[in-house]
Amino acid sequence: MNGASEADWQRLAKAVTGRVLRPGEGGFHAAGTPFNRRFAAAAPSGVVQVADVEDVRRAILWARETGTALAARGGGHSYAGFSATSGLVVDLSALNSVHADGSTGLVTAAGGARMADLNAAIQPHAMAFALGNGDSVGIGGLTLGGGSAATSRAFGLTADALLATTLVTADGQLLTCDAEQNRDLYWACRGGGGGNFGINVSFTFRATEVSDVSTCLLLWDRADAPRVLPVLQQIMLAAPDEFSARIGVSTAGGAGALVSAVALHLGPVHELREIIAPALAAARPRREDLVDRTFWQAQEYLRHETSAGAFAVRTNFATEPLPAQALAAALALIDTPPPGDNPDGCGLALFGWGGAINRVAPQDTAFVHRDARFLLSLDASWAEHDAPATVAANLRWLADLREALAPYVSQSAYQNFIDPDLPNWRTAYYGANYPRLVEIKKQVDPDGLFAFPQSIGS
């Protein structure tokens, strides 16, 4: 949907304080190209780099008047490329201010703020909430899809820390949503997914005081996987909320598979060593790093920027550890990875959930996955220049891996790792909360201006 004429584009450029970029102009490619290079061919007709909230409102009304599809872009990290469109991309990157108040614990971020902006603002106040572990991740998408981090077992999801948000709706209204006003929309913005109800231009969170912590990185050879993986999962089930780990098996750079455990503990390293002792006893790691750190040193250590290549990700939630037969099936596939020219390789990861995440009822926010003990993420990656046959082989391999593990996990999926190939996405992402989300969508966007292949109500 792109009914705008050249005269319409010129009118938009004159109406906004920011800049409108068209194909061929400097900065257009960077501002409009999807992060996941799998969808690099999805180029917009124009990008508006908004300067203020009024520009957001003008862009929305212009898109509505001209019949032009639009998509908001904060960090631009939509795994499915949904922060791009053939019409108008509303680039929020200039709306990146963050104000943190250490006396109240309140943090207010503009809609285009990214993790680098948030961390710089809150670090002096020794407080935090669940934030993404890559500097370029946007606060908008992270929050609206739930948002998890290594601190989530102790602090809850990013959406759980959200006290208020302001958004511009399809009719140009500026609505503030919190526990007292526009409560249905406030509910929907805590896990209902980005890009569905309007363009969020402000978020206010409650942060938690943080002190020194400890981290660990453990690596084992592939041969140790059958002994180590069951133990690591049991550690996560028994661990205090202050501990969280990412357990992985992956190939990268043409090397054989490695088993990894990357953990954060909101406590000293001697406690961390005690927690992970059973894994160290199960098999000797080839690498063992356990270190006391400040919280911010740990943030730096855990930082991970997803490479700007082409990739696909499948997710499920699990309420129990993967049993031995599931692990054996997964390992057999990882031992025979698909072809490709990407150093990120392929594999699986189990993120430790539970704790504070599960102490919120499924119906209290739009984020329904409140019984999960693990988030299972399966991935394959390839280079943008790889042949279509290579891409197809990677997607087949990923489908086989998901099918092998399907009997052992729920059929739910994580909306923040959005999957364009997921057929049952409505129930997988939103479960029993989906009908309420559809009703809220009808109220604030009855004409479906905010639409993409997996948008609420589509």
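The values are calculated or read from the model by the stated rules, or taken from the named source; none is laboratory data. Given the structure is predicted, the values throughout are model-derived calculations rather than measurements. Note that each Cβ is placed from the backbone with ideal geometry, even for glycine, and that neighbours are counted across all protein chains shown. To get the accessible areas, we keep the full protein, side chains included, count just its heavy atoms, and leave off ligands, DNA and RNA. Shrake-Rupley method; radii C 1.70, N 1.55, O 1.52, S 1.80 Å.
Key figures
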item: Computed magnitude of the charge dipole of the stretch 365-416 (debye, nearest 20; Cβ of K, R +1, Cβ of D, E -1); result: 240 debye
item: Rounded tilt (10° steps) of 269-282 against the dominant C-alpha axis of the chain; result: 60 degrees
item: Percent accessible area from carbon and sulfur atoms, the stretch 55-110, protein chains only, probe 1.4 Å; result: 47 percent
item: Förster-model FRET efficiency, 25 Å R0, Glu403 and Ala324, C-beta, rounded to 0.05; result: 0.85
item: 0 to 90° range, to nearest 10: angle between helix 434-444 axis and the chain longest Cα axis; result: 20 degrees
item: Helix-derived mean residue ellipticity, 222 nm - over the chain, DSSP H n ≥ 4, -39500 (n - 2.57), to 500; result: -8500 deg cm²/dmol
item: Sequence ranges 273-284, 170-181, ranked by mean other-Cβ count within 10 angstrom, highest first; result: 273-284, 170-181
item: For the chain, accessible area per residue (1.4 Å probe, heavy atoms of protein chains only), Å²; result: 39 Å²
item: Gain upon complete extension [Ser103, Ser5; 0.36 nm per residue less C-alpha separation]; result: 30.1 nm
item: Nearest-20 debye value, the stretch 303-458 charge dipole, Cβ charges on Lys, Arg, Asp, Glu; result: 600 debye
item: Point-to-point label distance, Ala126-Glu384, nm (Cα→Cβ direction, 7 Å offset); result: 4.5 nm
item: Cα lying deepest toward the dipole's positive end in the stretch 337-389, options Leu376, Gly354, Pro337, charges on Cβ; result: Gly354
item: Degrees separating the helix 388-405 axis from the principal Cα axis of the chain, which is the longest one; result: 60 degrees
item: Long-range HN-HN contacts of Ser97 with modeled amide H, under 5 Å; result: Ala110
item: Amide N proximity, the stretch 186-202 versus Arg64 label position 7 Å along Cα-to-Cβ, cut-off under 12 Å; result: 198-199
item: Projected-area average for the chain over all orientations - Cα convex hull basis, square nanometres; result: 20.4 nm²
item: Test item: Cα-centred dipole of the chain, Lys/Arg +1 and Asp/Glu -1 on Cβ, debye; result: 440 debye
